[in-house]
Amino acid sequence: MTTDTTSTRGTVAQTSLRLAATLLLAGQVLFILITQFHTGGDANDHHSIFAAYAHSRDWKGVHALQFATVAVIVAGLVMLHSALEAFTAGRAWAARVGAALAVVSLALYGVLQAVDGIGNKQVDHAWATASGADKSARFASAESMRWLEWGMSSYHAYAMGLALVAFAVAMVAAGSVVPRALACLVALSGLAYLAEGWVAGEQGFNATHSVLIIASWVFSLAWMTWLVVDSGRTSDQRSVRAASR
């Protein structure tokens, strides 16, 4: 391989890493900000929360924007895979697995938002406006939709968690591309997602689930911010870091 080819590959890898870091952090920050407009309450108190959802005016818009921001995050992960492939001359097999799982997680999240952002709104409104014997049947339908949401949320979190763990493995295997401590933060965010998926499937959207969501946000913001800073390093600086290990 010529010096020019190596230099070109390094430039492409550096550009891909910078773009990946930017997309990831921007998507995560926007997702957290948009989620603050999500109608709140005790999510496992179905009578009160269904009533709140039924009267929410921005429900569909918030969920559509959440989907858009998750798409940006997944685009960042796919671009991160490209960067790791370029840095390692196509040997980042774990990054390929991570990118595939990230795309799967986006597909699952799309179905989740269809169930939550559209299905929940419709059944909750139907229950809130029903009367007499029909109200009990409508409430049963609303709970069925909610439980379907639990399942979709659980498996989306599993897919995203596994994707992040795979990327953490790829980062460690890539040597000097990123600091190992950064890779550990990626793994921790993945584990938080996996735990979040388990709790959602077992207990629904309870207090523990909320804590795990916040934990995944904190870990994600930490490693994505670090990656943005680290992506500004040159190839020479990465070589110096590798030699110092």
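The values are calculated or read from the model by the stated rules, or taken from the named source; none is laboratory data. All figures in this text were calculated on a predicted structure; none of them were measured in a lab. Neighbour counts are summed over all protein chains in view; Cβ atoms, including those assigned to glycine, are modelled from backbone coordinates with ideal geometry. Remember, those area values only see protein heavy atoms, side chains included, never the ligands or the DNA or RNA. Shrake-Rupley method; radii C 1.70, N 1.55, O 1.52, S 1.80 Å.
Observations
- Surface composition of the chain: carbon plus sulfur atoms hold 68% of the accessible area, using a 1.4 angstrom probe and ignoring ligands, DNA and RNA.
- The residues of the range 90-166 have, on average, 44 Å² of accessible surface per residue, using a 1.4 Å probe with all protein chains present.
- Subtracting the Cα-Cα distance of Ala68 and Gln122 from 0.36 nm times their residue separation leaves 17.3 nm of extension gain.
- Here semi-axes √(5λ) of the Cα gyration tensor in Å was computed from the coordinates, and among [x] 42, 15, 14; [y] 29, 20, 19; [z] 27, 24, 17 the match is [x].
- Using equal-weight Cα scatterers in the Debye expression, the normalised intensity of the range 20-92 in log10 at q = 0.19, 0.20, 0.22, 0.25 Å⁻¹ is -0.78, -0.82, -0.90, -1.01.
- Estimated from the Cβ-Cβ distance and a Förster radius of 22 angstrom, the FRET efficiency linking Val229 and His38 is about 0.15.
- Averaging Cα coordinates gives a centre for the range 161-186 and one for the range 96-131; these two points are 29 Å apart.
- For the peptides 191-199, 108-116, residues were scored by their other Cβ atoms within 10 Å and the scores averaged per peptide; the highest-first order is 191-199, 108-116.
- Peptide packing for 88-100, 51-63, 17-29 was compared via the average number of neighbouring C-beta atoms within 10 Å per residue; ordered from the highest value, the list is 17-29, 88-100, 51-63.
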